[in-house]
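Inspection log for the structure reproduced underneath, given as structure tokens.
The values are calculated or read from the model by the stated rules, or taken from the named source; none is laboratory data. What you are looking at is a predicted structure, and each value in this text was computed from that prediction instead of being measured. Don't worry about glycine lacking a Cβ; one is built from the backbone with ideal geometry, like all the others, and counts go over all protein chains shown.
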Amino acid sequence: MAATLTNEVLQDDMAVALARVIAAANKHARELGVDVVQSIITISQQFDNGLNWHVNYGPREYINQRGGDLMIEINGEDMKIKRVLRGQ
């Protein structure tokens with residue numbers, strides 16, 4: 001379903017920042033072979049040495065499954081990837 005974003009939404013700095021974070025993380029996750037559409041995605045903030053975003057891609061069918069998550073840490077200032085971790 002397509003929706004046009006209003007100017008009010010585009011003026012929301014947090015919404016725009018989150019869109020940039022998820023776009024950068026999704027691009028890198030796809031490059032690493034993650035099926036983004038079939039993942040459970042969680043996003044959290046961390047404020048160690050500035051704002052950082054943690055984007056976690058986990059399997060949808062996680063019951064009786066151990067590990068396999070992909071975690072991407074993104075710098076909140078320049079939206080560059082700082083670190084990538086894979087669960088075992």
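Screening residue 61 against (1) modelled with pLDDT under 95; (2) outside any loop (DSSP other than H, G, I, E, B) leaves a single unmet condition, (2).
A residue that is part of a strand (DSSP E or B), without any contact (Cβ under 8 Å) to a residue 60 or more places away in the chain, out of contact with any His (no Cβ under 9 Å at 6 or more places or on another chain) and of a type outside the set (Lys, Arg) occurs somewhere in the stretch 24-40. Under the condition of being farther than 26 Å from residue 60 by Cα and either part of a helix (DSSP H, G or I) or modelled with pLDDT of 95 or more (or both), the residues counted in the stretch 1-15 number 6.
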